[in-house]
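Read through the structure below, which is laid out as structure tokens, and then see the notes.
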Amino acid sequence: MNVRLPHSQRGITLIGLIFWAVLLSSAALLTMRVLPTVNEFFTIRRVVTRIAASGSATVPGIRAEFDRARDIEYSIQSISGKDLDVTKENDRIVISFAYDKEIDLFGPVALLIKYRGRSQ
């Protein structure tokens with residue numbers, strides 16, 4: 001007597017497919033909204049580090065140089081030269097900056113990212 005047991009089906013259900021589609025699309029939306037702000041932060045940090053290494057002596061000169069770089073770099077929109085904090089540590093110029101970026105996701109939901117950085 002050879003009795004065959006029914007094999008269970010394998011695969012993804014419609015509910016599982018919808019769950020994964022919502023999860024992946026939410027992650028893609030978040031990535032597409034956050035990535036430009038992260039790019040802007042790294043651009044600001046690169047410009048600030050370059051200016052600090054160039055050896056500009058005065059605070060107004062440093063701020064003016066940052067504003068000139070801001071005019072060239074299209075991705076810098078959140079801060080200007082007046083938002084920079086210029087200090088001197090161990091005979092070295094240190095430029096620091098801080099700003100908040102609010103990203104609207106959908107409806108009343110927003111993401112707030114606090115960026116802080118300084119020259120190396």
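What follows draws every value from the coordinates through simple rules; no lab data is involved. Just so it is clear, the model here is predicted, and its values are computed rather than measured. In this analysis, Cβ positions are derived from the backbone assuming ideal geometry, glycine residues included, and neighbour counts consider all displayed protein chains.
Only one of the listed residues (T43, T58, T49, T31) is of a type in the set (V, I, T) and in contact (Cβ under 8 Å) with a residue 40 or more places away in the chain. That residue is T49.
Residues of region 75-92 being surrounded by fewer than 10 Cβ atoms within 10 Å (Cβ to Cβ) and either charged (D, E, K, R) or under 15 Å from the mean Cα position of the chain (by Cα) (or both), which ones?
If the condition is that a residue be surrounded by fewer than 10 Cβ atoms within 10 Å (Cβ to Cβ) and either charged (D, E, K, R) or under 15 Å from the mean Cα position of the chain (by Cα) (or both), then K82, K88, E89, D91 are the ones that fit.
Filter region 93-109 for residues that are in a strand (DSSP E or B) and surrounded by fewer than 11 Cβ atoms within 10 Å (Cβ to Cβ) and give the result. Don't jump to the end; show me each part of the working.
We begin by selecting, within region 93-109, every residue in a strand (DSSP E or B); these are 93-106, 109.
Within region 93-109, D100, E102, D104, F106, V109 meet the criteria.
Looking at A69, A53, just one residue is over 22 Å from the mean Cα position of the chain (by Cα), in a helix (DSSP H, G or I), under 17 Å from R118 (Cα atoms) and small (G, A, S), and that residue is A53.
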